[in-house]
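The values are calculated or read from the model by the stated rules, or taken from the named source; none is laboratory data. What you see is a predicted model, and the numbers here were worked out from it, not measured in a lab. Cβ placement follows ideal geometry from the backbone for every residue including glycine, while neighbour counts extend to all protein chains displayed. SASA here: full protein model, heavy atoms, side chains in, ligands and nucleic acids out. Shrake-Rupley method; radii C 1.70, N 1.55, O 1.52, S 1.80 Å.
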Amino acid sequence: MRLRNITGSREVIGESIYVVHEPEEAKGKWRELFGNGNELHIEIGMGKGQFIHALAAQNPDINYVGIEKYSSVLLRAIQKMEQEELPNLKFIRMDAEDIEKVFDTHEVDKIYLNFSDPWPKDRHAKRRLPSKEFLGRYDKILKPQGNLEFKTDNRPLFDFAVEQLPEAGWVADVITYDLHSDEKLMVGNIMTEYEEKFSSIGNPICKYIIHR
Ligand code: SAM
């Protein structure tokens with residue numbers, strides 16, 4: 001997903017009004033920042049932002065924050081906002097490892113992970129966004145009644161994610177290994193860029209919805 005060498009992407013991001021530039025200062029104050037008391041939903045590893053942009057457009061009464069590590073990718077999400085501005089969507093460029101520095105205890109109502117990088121080597125398992133280490137971070141920032149939704153076409157990553165749940169103290173409400181064949185679960189499904197790409201070549205899409 002990394003788009004290399006997009007000249008000036010850091011500069012564009014540095015000046016963008018859609019990006020929260022000092023996100024640690026927003027910790028505990030996200031509702032103030034949006035200027036309302038609405039729920040706060042976040043997507044971690046949003047890529048070019050297709051999913052969260054569509055979701056935010058559909059749900060003007062929910063505040064959304066899209067988190068992306070790389071400037072060159074975030075740039076695409078910013079360009080989308082320039083075409084269709086949404087008051088309830090903001091972006092952060094950061095590594096999600098530091099997520100607890102940016103959101104206060106129980107400040108977030110819902111978390112989305114979509115097509116997270118698989119990090120296939122065992123020694124990199126802790127970097128996987130649905131790992132027990134990351135679930136521990138999400139546990140702190142997510143409201144007690146909040147939930148997390150994860151989609152991927154990567155079966156080994158999904159199997160790993162499901163195995164991590166009991167160890168981390170999470171429970172699955174929904175697990176499917178073929179989302180697109182499940183009429184009920186497909187109601188309101190918003191396709192991510194990777195979901196469009198991989199489902200179009202016949203890969204089944206796995207999804208879980210989990211809570212503690
Ligand atoms: N969610 C999008 C989709 O489904 O089309 C993009 C999927 S892409 C495979 C994964 C994205 O997650 C990349 O843009 C990557 O830079 C971002 N990412 C990976 N690890 C991250 C981390 N620790 N913090 C923030 N973003 C991360």
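Across region 21-62, the number of residues qualifying as within 16 Å of the ligand (Cβ to nearest atom) and of a type in the set (D, E, K, R) comes to 3. Which residues, taken from region 82-134, are within 14 Å of the ligand (Cβ to nearest atom), within 27 Å of residue 21 (Cβ to Cβ), basic (Lys, Arg) and out of contact with any Leu (no Cβ under 6 Å at 6 or more places or on another chain)? Residues satisfying the conditions are 101, 127. Filtering region 163-204 to residues that are charged (D, E, K, R), more than 16 Å from the ligand (Cβ to nearest atom) and touching a helix residue (DSSP H, G or I) at 6+ places or on another chain (Cβ under 6 Å) leaves only 167.
Residue 123 meets all of the listed conditions (1) under 16 Å from residue 161 (Cβ atoms); (2) exposed (fewer than 14 other Cβ atoms within 10 Å of the Cβ) but one, namely (1).
Among the residues of region 118-128, those identified as in a loop (DSSP other than H, G, I, E, B) and at negative phi are 118, 120, 121, 128.
Filter the strands (runs of 3 or more DSSP E) completely within region 1-117 down to those with at least 3 residues that are β-branched (Val, Ile, Thr), at pLDDT 95 or above and open to solvent by less than 60 Å² (accessible area, probe 1.4 Å).
Details: elements: 39-44, 62-68, 89-93, 108-114.
Output list reads 62-68.
Whenever a residue of region 70-87 is under 18 Å from residue 55 (Cβ atoms), its partners that are within 10 Å of the ligand (Cβ to nearest atom) and assigned to a helix (DSSP H, G or I), lying with C-beta atoms within less than 8 angstrom and at least six residues away or across chains, give the pairs 77/52; 80/50. Of the helices (runs of 4 or more DSSP H) lying entirely inside region 149-212, not one contains at least 2 residues that are modelled with pLDDT under 95 and open to solvent by 20 Å² or more (accessible area, probe 1.4 Å).
Contact annotation: residue pairs with Cβ atoms under 7 Å, 6 or more positions apart or on different chains, pairing a residue in region 199-210 that is in contact (Cβ under 8 Å) with a residue 60 or more places away in the chain with a partner that is of a type in the set (Phe, Trp, Tyr), are 210/170.
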